[in-house]
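Have a look at the structure below, then the notes.
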Amino acid sequence: MADDEDTDVPLIPELYKPAALLPIAQLRDQLLYTIETFPVTIVVGETGSGKTTQIPRFCLDAGWCADGKQIAVTQPRRIAATSVAARVAEELGTPLGQRVGYSIRFEDVTSANTQVKFVTDGLLLREMLVDPLLNRYSIIMVDEAHERSLSSDILLSLLKKVLRKRDDLRVVVSSATLEAERFLDFFTPDEGEKVHGKSKEDYGKIISIEGRTHPVEIQYLLEPTNNYVERAVDAIMSIHTSESPGDILVFLTGREEIDDCIDMLSDRIADQSPNHQKLLTLPLYAGLSTEDQMFIFQKAPPHTTKVIISTNIAEASVTIDHIVYVIDCGYVKLRTYDANLGIETLNIIPVSKASATQRAGRAGRTRPGKCFRLYPKTVFAQLEEATFPEIQRSNLAPVVLQLLNLGITNVVRFDYLSPPPSSLITRALDLLHSLGALAPTGHLTKPLGTRMAELPLEPMLARTLLCAATPAFSCLDEMLSIAAMLTLQGNAFVSHDGGKKQLDAARRKFAVAEGDHLTLYNVYEAFVKSGMSVAWCREHSLNHKNMVKAVSVRKQLAHYLSRFGVAASPLSSSDVLRVGGTPLAERIRRCLTAGFFAHAARMKSDGSFTTVDGKTTLWAHPSSVFFHRKAEWVVYTEIMETRGKVYVRDLSAVEMEWLVEAAPEYYRVRDGGRR
Ligand code: CDP
Ligand code: MG
């Protein structure tokens, strides 16, 4: 084969854009001076200017890790932490997990040599339980702070406290929008007050990186659409046929829409003549495997247009070069918590103006670009200015539990960046109280409350697991497997050739009448019995990588429990052996009730469910055993809202008496007052 036949294939591997060419390079000295001089540095700059990848390197080179200290960089999302760590390790020419590593829940890729550590903001909060002053770090960079994620907001509050105690710590806050003043104001001492001898003026500073950006032309739809996925496909095809070639980034709200869009697109492409410029479609969402992420960052082959169809991850967390066209559906999926109903749902809501602007900006990085907004211009004018902070619309139970464990007992008067509504705090305290984590004094109970705080699981699941070893339930081994499987969030099964039917059939093989949790347990057991076989997973439509992850998560959870001194009762918990006359499957469901009593629902004659207070209708997710089967009462461990319908996933059949037994007070209030 002569090489010259392949003239289109580049012979030299594509080199990185040298870091020296990034806009941040010119500010290196100024940045280092500010970080050295001021406890707090706020960095503002366009996505792609080099904040995340370069600032930790500058600090590393300047000797901030000299005495064995580390630099931590927090990200609101797991995918950002892992991909950026990989990138920085590559730039430094070291294997990932050595000098540069990452740590996210249940996955620690660091070593004793690690100097720069990318973490999720939630993980750093957890580290504070063990090391409240974060003494192992010389610099903590809170990245993407403008996203106002729940954990990053809380982290900023706690860092403000830590800075009062450690004058050697430096905090860097990076933000893509102009919320910089607000962050600076939050950290700096009040007028006339001094911290470590520093006044408002010499406590912190804002540094702005002027990025070179090209103009982005914005186009709107004339009429609103009720199917933005279809309009997105139209827009992709019209760019493909009538605009000059350039990569396309599409913003949709979730994985389902992304898959739909890719399906529709491949139907449309099939009609295209073969010698046309090709389209390469790639999905981008949070659950994507590390290998699949890699394609996103690679340059497209010759004569190929890369079409990345993404959730709002690509808005700021993940930088993709060479995007010329952006298609924005104008919506985002946000987690919202209804404190009255006690239900956390994922809602699809219009984006804020700040988000829409940020999304459009993704187009003008390499040359002038275009952004197609799939809504009319009048709609843009009515959008909210900025995204609502997550702390004001979340279930605060997990965070309140953490704060209490850090010794912050007055969670109402805590120094929040934006205080949450008191209804959310009250609800969180109520729930923690009913779960037995909170003593009447307002402190955590010992050991239950403190152990719940330490376990990296949400409070209801933490309590379930901690109860599993008690003699009445005696199902610790089983519950460990179930908890591990639940952390996969519905991603155990995968259809290897795209068929939903095949997927349902695979699920049915493991399904049991008692519900989804026992089904998950069966899946886990069978996987381990198969010798963790890849072929076996393929045969049963299971995602091997995720199953291996479940095994690792289980091991880590078991480690926590053995550290607490919680062990399975010596009784063998095989189904034959009844504890107090109760078979294993029932003990497991009773144990689930002990943690998830607040997530109970009753089936109606039409197969839908209603919450205990009768206020909300819930539907079993199609993946659930109870999509087809009947039950009277159930508890569920996952709830989400899609297109106006509230779905519950992972359900188990329970008895009404178990609910009352598990939380008499909770249900008394319900009976008397709220029902
Ligand atoms: O944080 P910021 O948005 O300011 O920029 P960055 O993430 O540090 O990205 C700087 C440069 O590195 C950009 O040109 C990115 O395209 C590139 N990069 C990459 O190629 N792969 C990554 N995983 C992360 C960044
Ligand atoms: Mg960044």
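The values are calculated or read from the model by the stated rules, or taken from the named source; none is laboratory data. Owing to the predicted nature of the structure, the values given are computational and were not obtained by experimental measurement. Quick reminder, even Gly has a Cβ in these numbers, built from the backbone with ideal geometry, and neighbours come from all protein chains shown. Heavy atoms of the whole protein, side chains included, go into the accessibility calculation; ligands, DNA and RNA do not. Shrake-Rupley method; radii C 1.70, N 1.55, O 1.52, S 1.80 Å.
For (1) under 19 Å from GLU315 (Cβ atoms); (2) surrounded by fewer than 17 Cβ atoms within 10 Å (Cβ to Cβ); (3) not assigned by TED's automatic domain parsing to the domain that holds GLU127, each residue gets a yes or a no:
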site: GLU144; (1), (2), (3): yes, no, no
site: GLU181; (1), (2), (3): no, yes, no
site: LEU184; (1), (2), (3): no, no, no
site: PHE187; (1), (2), (3): no, no, no
site: SER244; (1), (2), (3): no, yes, yes
site: LEU252; (1), (2), (3): yes, no, yes
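When the range 112-127 is examined, which residues are found to be assigned to a loop (DSSP other than H, G, I, E, B) and either of a type in the set (A, V, I, L, M) or open to solvent by less than 40 Å² (accessible area, probe 1.4 Å) (or both)? Answer for the range 112-127, where residues must be assigned to a loop (DSSP other than H, G, I, E, B) and either of a type in the set (A, V, I, L, M) or open to solvent by less than 40 Å² (accessible area, probe 1.4 Å) (or both): ALA112, THR114.
Taking residues in the range 165-176 that are away from ligand 2 (no atom under 16 Å from the Cβ), and partners anywhere that are in a loop (DSSP other than H, G, I, E, B) and at pLDDT 95 or above, the pairs with Cβ atoms closer than 7 Å and at least 6 places apart or on different chains are LYS165/LEU133; ARG166/LEU133; ARG170/PRO39; VAL171/PRO39.
Every condition in (1) over 23 Å from the mean Cα position of the chain (by Cα); (2) surrounded by 17 or more Cβ atoms within 10 Å (Cβ to Cβ) holds for ALA483 except the one numbered (1).
Only residues that are under 22 Å from LEU134 (Cβ atoms) and either in contact with a Cys (Cβ under 9 Å, 6 or more places away or on another chain) or not polar (S, T, N, Q) (or both) were counted across the range 63-99, and they come to 20. Please determine, by comparing only the residues of the range 133-186 that are of a type in the set (S, T, N, Q) and out of contact with any Pro (no Cβ under 9 Å at 6 or more places or on another chain), which one is farthest from ligand 1 (Cβ to nearest atom). Here the residue is ASN135.
Kindly evaluate VAL130 against the criterion of being more than 16 Å from ligand 1 (Cβ to nearest atom) and either crowded, with 19+ Cβ neighbours inside 10 Å or at pLDDT 90 or above (or both). Let's see the steps before the verdict.
Numbers: more than 16 Å from ligand 1 (Cβ to nearest atom): yes; either crowded, with 19+ Cβ neighbours inside 10 Å or at pLDDT 90 or above (or both): yes.
Yes, satisfied.
Selection of the range 289-308 for residues being outside any helix (DSSP H, G or I) and either surrounded by fewer than 20 Cβ atoms within 10 Å (Cβ to Cβ) or among the acidic types (Asp, Glu) (or both) yields SER289, GLN298, LYS299, ALA300, PRO301, PRO302, HIS303, THR304. Only one entry in THR450, THR470 is of a type in the set (Ser, Thr, Tyr), open to solvent by 10 Å² or more (accessible area, probe 1.4 Å) and not in a loop (DSSP other than H, G, I, E, B), namely THR450.
Filter the range 389-402 for residues that are open to solvent by 20 Å² or more (accessible area, probe 1.4 Å) and not in a helix (DSSP H, G or I); which is farthest from GLN219 (Cα to Cα)?
Taking the range 389-402 as the starting set, the residues that turn out to be open to solvent by 20 Å² or more (accessible area, probe 1.4 Å) are 390, 392-393, 395, 398, 402.
Still in the list and also not in a helix (DSSP H, G or I): 393, 395.
Working: ARG393: 32, ASN395: 38 Å.
This residue is ASN395.
Just one of the listed residues (LEU334, LEU265, LEU280) is more than 25 Å from ALA85 (Cα to Cα) and surrounded by fewer than 17 Cβ atoms within 10 Å (Cβ to Cβ), namely LEU280. When the residues of the range 605-644 are filtered to those that are hydroxyl-bearing (Ser, Thr, Tyr) and assigned to a strand (DSSP E or B), the one that is surrounded by the most Cβ atoms within 10 Å (Cβ to Cβ) is TYR636. When the range 30-78 is filtered for residues that are near ligand 1 (Cβ under 10 Å from one of its atoms), in a helix (DSSP H, G or I) and open to solvent by 10 Å² or more (accessible area, probe 1.4 Å), the ones remaining, listed by number, are LYS51, THR52, THR53, ARG57.
Per-residue answers, yes or no, for (1) closer than 30 Å to GLY48 by Cα; (2) assigned to a loop (DSSP other than H, G, I, E, B); (3) within 20 Å of the chain's Cα centre (by Cα):
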residue	(1), (2), (3)
ILE349	yes, no, yes
GLY361	yes, no, no
TYR375	yes, yes, no
GLU384	yes, yes, no
THR387	yes, yes, yes
LEU404	no, no, no
LEU429	no, no, no
HIS433	no, no, no
LYS446	no, yes, no
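Being in contact (Cβ under 8 Å) with a residue 60 or more places away in the chain and among the aliphatic types (A, V, I, L, M) is the filter; apply it to the range 30-52 and report the residue that is nearest to ligand 2 (Cβ to nearest atom). Per the criteria, the residue is VAL43. Restricting attention to the range 150-186, the residues being in a helix (DSSP H, G or I) and in contact with a Leu (Cβ under 7 Å, 6 or more places away or on another chain) number 10. Which residue is surrounded by the fewest Cβ atoms within 10 Å (Cβ to Cβ), if the candidates are limited to the range 309-323 and must be more than 12 Å from GLY246 (Cα to Cα) and more than 16 Å from ligand 2 (Cβ to nearest atom)? For the range 309-323, the residue satisfying everything is THR311. Filtered by the rule that a residue be surrounded by 17 or more Cβ atoms within 10 Å (Cβ to Cβ) and in a loop (DSSP other than H, G, I, E, B), the range 190-224 gives TYR203, GLY211, THR213, LEU221.
Applying the set (1) more than 29 Å from the chain's Cα centre (by Cα); (2) without any contact (Cβ under 8 Å) to a residue 24 or more places away in the chain to LEU221 leaves exactly one unmet item: (2). Quick one: in the range 521-577, which of the residues that are in contact with a helix residue (DSSP H, G or I) (Cβ under 6 Å, 6 or more places away or on another chain), polar (S, T, N, Q) and over 26 Å from CYS467 (Cβ atoms) is modelled with the lowest pLDDT? That would be SER541. Every listed requirement among (1) in contact (Cβ under 8 Å) with a residue 24 or more places away in the chain; (2) surrounded by fewer than 18 Cβ atoms within 10 Å (Cβ to Cβ); (3) within 23 Å of ALA662 (Cα to Cα) is met by ALA428 save one, (2).
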